[in-house]
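Enquirer: Next up is a structure, given as structure tokens.
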Amino acid sequence: MSLVEKAFSQLYPDRNLSKYSFSLSYSGRFSPYNGNVRYGLGKYEFTISRLWRGVSEEIVIGLLQHLMQKVFKTKIRTLEQDLYDTFIKNVHVSVPKDKVDPDLKESFDRVNDRYFLGTVEMPNLVWGKKTFRKLGSYEYAADTITMSEVFKDISEENKILLDYVMFHEMLHKVHKFKTTNGRSLHHSKKFRDAEKEFEGFGDMEKELSKFLRKKRFRHSLGLD
């Protein structure tokens with residue numbers, strides 16, 4: 001029995017395995033410890049990061065079951081998924097921190113000193129694409145904060161907006177996520193309460209929207 005079939009049988013013991021066609025491959029094109037599944041006409045093709053090779057079979061099964069539940073829209077908890085969640089929450093310890101942009105490091109240090117007493121371990125800090133909707137993200141497995149290039153070369157006056165988004169992503173690193181009823185909750189009440197600790201929190205979204213409107217206008221004119 002293949003690893004995917006084992007994951008499926010443990011998750012759905014009452015389903016007829018012979019009705020499904022599974023495959024599993026490893027790829028170097030994923031960010032660390034990521035994966036996806038493509039499906040159609042009864043075929044399910046799982047592709048996961050090469051870094052999963054050598055990881056405990058139970059943890060990989062947890063990943064596969066996590067992907068399966070997205071496809072089959074179920075909410076079943078297994079020991080393997082608990083092991084997978086624990087692995088993802090702690091894998092950042094061994095991730096190399098060799099991609100650190102100096103401007104983003106300045107923002108990270110400002111926020112870390114002011115709101116976390118300097119206790120947050122520095123992750124990788126990189127620029128992403130110039131997007132106006134997804135301003136920042138934190139990837140647990142890669143221990144990487146990615147910021148939209150809309151903040152690149154930002155004025156001294158507007159650096160507080162960069163710090164505000166940086167603060168949000170650092171909270172993800174600190175609070176991680178909670179799995180309930182088969183779903184991962186990334187913005188818990190504890191997270192939302194902590195978010196309000198940013199100085200001037202009530203005005204930040206308004207100021208951020210104003211900043212982005214100006215950036216979009218300049219971008220449309222080819223000036224930015």
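Enquirer: Hey, what angle do you get for helix 159-175 against the long axis of the chain, alpha-carbon based, 0 to 90 degrees rounded to 10?
Expert: 30
Enquirer: Let me ask something additional. For the chain, report the translational diffusion coefficient in µm²/s to the nearest whole number, using Stokes-Einstein at 37 °C, 0.692 mPa s, and a Kirkwood Rh over Cα pairs.
Expert: Working: Rh = 19.7 Å.
Calculated translational D: 167 µm²/s.
Enquirer: Can I ask one more? For the pairs LYS130/LYS159; LYS73/LYS189; LYS97/LYS190, flag any whose C-alpha to C-alpha distance is greater than 20 Å.
Expert: Values: LYS130/LYS159 17 Å; LYS73/LYS189 25 Å; LYS97/LYS190 28 Å.
Those over the limit are LYS73/LYS189; LYS97/LYS190.
Enquirer: How high is the FRET efficiency from ASP101 to LYS210, r the C-beta distance, R0 30 Å, rounded to 0.05?
Expert: Working: r = 25 Å, r/R0 = 0.84.
The value I calculate is 0.75.
Enquirer: Additional query: What is the fewest-to-most order of MET122, MET1, MET166 by other Cβ atoms lying within 10 Å of their Cβ? Don't jump to the answer; show the numbers that get you there.
Expert: Values: MET122 16, MET1 9, MET166 26.
Result, fewest neighbours first: MET1, MET122, MET166.
Enquirer: Antiparallel versus total DSSP beta bridges in the chain: what percent is that, nearest 5?
Expert: Details: 13 of 25 bridges.
The answer is about 50 percent antiparallel.
Enquirer: Straight-line reach only, C-alpha to C-alpha below 12 angstrom: list the aspartates and glutamates that LYS89 could link to, leaving out same-chain residues fewer than 8 apart.
Expert: GLU139, ASP143
Enquirer: Return the calculated 222 nm mean residue ellipticity for the chain, to the nearest 500 deg cm²/dmol, obtained by summing -39500 (n - 2.57) across DSSP H runs with n ≥ 4 and dividing by the residue count. Don't skip to the answer; put the middle values down first.
Expert: Working: 7 runs with 95 residues, N = 224.
Rounded to the nearest 500, the figure is -13500 deg cm²/dmol.
Enquirer: Net charge near LYS6: determine it from the other residues with C-beta under 14 Å of the C-beta of LYS6, scoring Lys and Arg +1 and Asp and Glu -1.
Expert: Counting the neighbours of LYS6, the net charge comes to -3.
Enquirer: Along the Cα→Cβ direction, 7 angstrom out, place labels at GLU199 and GLU57. What is the inter-label distance in nm?
Expert: Reported label-point gap for GLU199 and GLU57 is 5.6 nm.
Enquirer: When you take every Cα atom in segment 3-93, what is the radius of gyration, and what is Dmax, the widest Cα pair distance, in Å?
Expert: 12.7, 41
Enquirer: Right, another one. List LEU135, LEU208 from most exposed to least, where exposure is judged by having the fewest other Cβ atoms within 10 Å. The partial results should precede the final answer.
Expert: On the way: LEU135 21, LEU208 17.
Ascending Cβ contact count within 10 Å gives the list LEU208, LEU135.
Enquirer: With 32 Å as the limit, write out which pairs from LYS19/LYS129; LYS70/LYS173; LYS129/LYS206 have Cα-Cα distances beyond it, or answer none.
Expert: On the way: LYS19/LYS129 42 Å; LYS70/LYS173 23 Å; LYS129/LYS206 23 Å.
The pairs that break the limit, which is 32 Å between Cα atoms, are LYS19/LYS129.
Enquirer: Based on other C-beta atoms within 10 Å, arrange PHE167, PHE177 from fewest to most.
Expert: So the ranking, lowest neighbour count to highest, is PHE177, PHE167.
Values quoted throughout were computed directly from the atomic coordinates according to the rules given, and no laboratory measurement underlies them. What you see is a predicted model; the values in this text were computed from it and never measured. Cβ: placed from backbone, ideal geometry, glycine included. Neighbour counts: every protein chain shown.
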